[in-house]
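The values are calculated or read from the model by the stated rules, or taken from the named source; none is laboratory data. This structure is a prediction, so every number in the text was calculated from the model and none was measured. Don't worry about glycine lacking a Cβ; one is built from the backbone with ideal geometry, like all the others, and counts go over all protein chains shown.
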Amino acid sequence: MTNGMLLVNKPDGVSSARVVDQVKKIFQVKKAGHTGTLDPFATVLLPVALGQATRLSRFFLGSAKQYRAVVTLGIETDTLDKTGRVTFQADPELVSSIQPARVRQAAAGFAGVQQQVAPSFSALKHQGQPLYKLARQGKMIKKPPRTIEIYRISVTRMDLPEFEITVACSGGTYIRSLAHDMGRLLGCGAHLSGLCRTAVSQFTLDQAVDLDTLHTCDRKTAKTRILPMADCLPFLPLVQADAVLEEKIRYGRKLGHQDIGSMTGRVPADGFVRITGLDGRLIAVVQADNSGAGYNYCCVFSG
């Protein structure tokens with residue numbers, strides 16, 4: 001069985017679902033999934049979970065992300081990016097009057113915790129339907145603002161009316177909305193014209209492999225690019241099980257604080273702990289119960 005995480009450099013024009021389909025064919029696996037939908041026009045780091053590793057995807061959906069984005073001033077679109085229909089175009093003289101210092105100041109002002117409205121063209125759901133499907137029917141639904149956080153933001157290139165920003169942010173942040181909001185703040189409108197996701201949690205773009213490379217190399221070589229599940233969650237406390245604990249987990253027996261807590265030395269806020277077996281494989285992810293006296297099974301992996 002093929003279990004683990006493959007880091008793919010998704011090319012422009014290919015959907016996340018299409019990447020997953022190609023990966024499934026290359027490795028001949030029935031079960032695979034990505035860790036969050038992304039815009040087809042974006043070139044991004046896309047972690048693809050294979051086999052049992054699909055059960056780890058939940059830990060990456062809300063994880064921190066990093067992006068390199070291009071914003072174009074003066075034009076707004078219904079999708080908030082370059083693929084949409086133009087809904088507003090500012091006076092060229094107004095756009096040309098905006099100075100680089102003002103752009104840098106505006107960008108810096110978006111750092112921190114804030115409320116953000118997701119695009120109407122997004123995968124969020126309204127009454128069971130994805131917003132983008134409703135938007136294509138002319139139903140532009142606006143969801144209530146959500147709390148996000150921009151950890152770091154800076155302007156890295158200026159060629160007005162275009163400029164490039166690098167952004168480190170919380171999961172659930174829409175860079176399209178950020179570009180739109182920056183345009184509104186500058187008074188001339190804007191849209192996202194380029195996007196590259198450079199990091200997801202601890203994974204970075206320089207670790208990723210191109211689809212073309214996967215297609216041209218043999219399967220044995222391709223498999224060397226798959227990260228084992230034991231290496232996928234370094235941000236969770238680790239317990240290396242002894243024979244007694246491994247047997248308990250194998251038979252689904254109740255786990256107490258004496259089994260886990262004494263080995264981790266601490267329990268994180270969300271209570272998750274990863275456990276590896278005697279052979280170094282990831283055998284379980286458990287979560288502290290509300291009492292703090294025991295642990296509940298979150299994921300248990302077979303050999």
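Would you please name the residue that is modelled with the lowest pLDDT, looking only at residues in the range 142-158 that are surrounded by 14 or more Cβ atoms within 10 Å (Cβ to Cβ) and farther than 24 Å from G74 by Cα?
Filtering first and then ranking leaves K143.
Among A179, A168, which is the only one that is among the small types (G, A, S), in a strand (DSSP E or B) and touching a residue at least 60 places away in the same chain (Cβ under 8 Å)?
Values: A179 fails: in a strand (DSSP E or B).
The conditions single out A168.
Being touching an Asp or Glu at 6+ places or on another chain (Cβ under 9 Å), surrounded by fewer than 21 Cβ atoms within 10 Å (Cβ to Cβ) and more than 30 Å from G138 (Cα to Cα) is the requirement here; does R58 meet it?
So R58 does not fit the description; no.
Which count do you get for residues in the range 192-242 that are in contact with a strand residue (DSSP E or B) (Cβ under 7 Å, 6 or more places away or on another chain) and part of a loop (DSSP other than H, G, I, E, B)?
Qualifying residue count for the region: 8.
Take the range 261-303 and flag every residue that is modelled with pLDDT of 90 or more, part of a loop (DSSP other than H, G, I, E, B) and crowded, with 16+ Cβ neighbours inside 10 Å.
G277, F301
Taking the residues in the range 1-12 that are farther than 11 Å from V44 by Cα and out of contact with any Cys (no Cβ under 7 Å at 6 or more places or on another chain) as candidates, determine which candidate is surrounded by the most Cβ atoms within 10 Å (Cβ to Cβ).
L6
Could you grab me the full set of residues in the range 66-101 that are polar (S, T, N, Q), assigned to a loop (DSSP other than H, G, I, E, B) and at pLDDT 95 or above?
S97, Q99
Collect the residues in the range 5-28 that are closer than 10 Å to V48 by Cβ and either free of Cβ contacts under 8 Å to residues at least 60 places away in the same chain or in contact with a strand residue (DSSP E or B) (Cβ under 7 Å, 6 or more places away or on another chain) (or both), keeping them in residue-number order.
M5, L6, L7, V8, K10, S16, V19, V20, V23, K24, F27
Basic (K, R), outside the structural domain of V48 (by TED's automatic domain parsing) and at pLDDT 85 or above: is that true of R225 in this structure?
No: the conditions fail for R225.
Restricting to the range 79-116, give me the number of residues that are crowded, with 17+ Cβ neighbours inside 10 Å and more than 12 Å from A190 (Cβ to Cβ).
Counting residues in the range 79-116 that are crowded, with 17+ Cβ neighbours inside 10 Å and more than 12 Å from A190 (Cβ to Cβ) gives 4.
Among the small types (G, A, S) and under 28 Å from L211 (Cβ atoms), is that true of A49?
For A49, the condition - among the small types (G, A, S) and under 28 Å from L211 (Cβ atoms) - is met.
Which one of these is at pLDDT below 95 and surrounded by fewer than 20 Cβ atoms within 10 Å (Cβ to Cβ): P130, P161, P119?
The conditions single out P130.
Return yes or no: is G183 surrounded by 14 or more Cβ atoms within 10 Å (Cβ to Cβ) and at pLDDT below 95?
So G183 does not fit the description; no.
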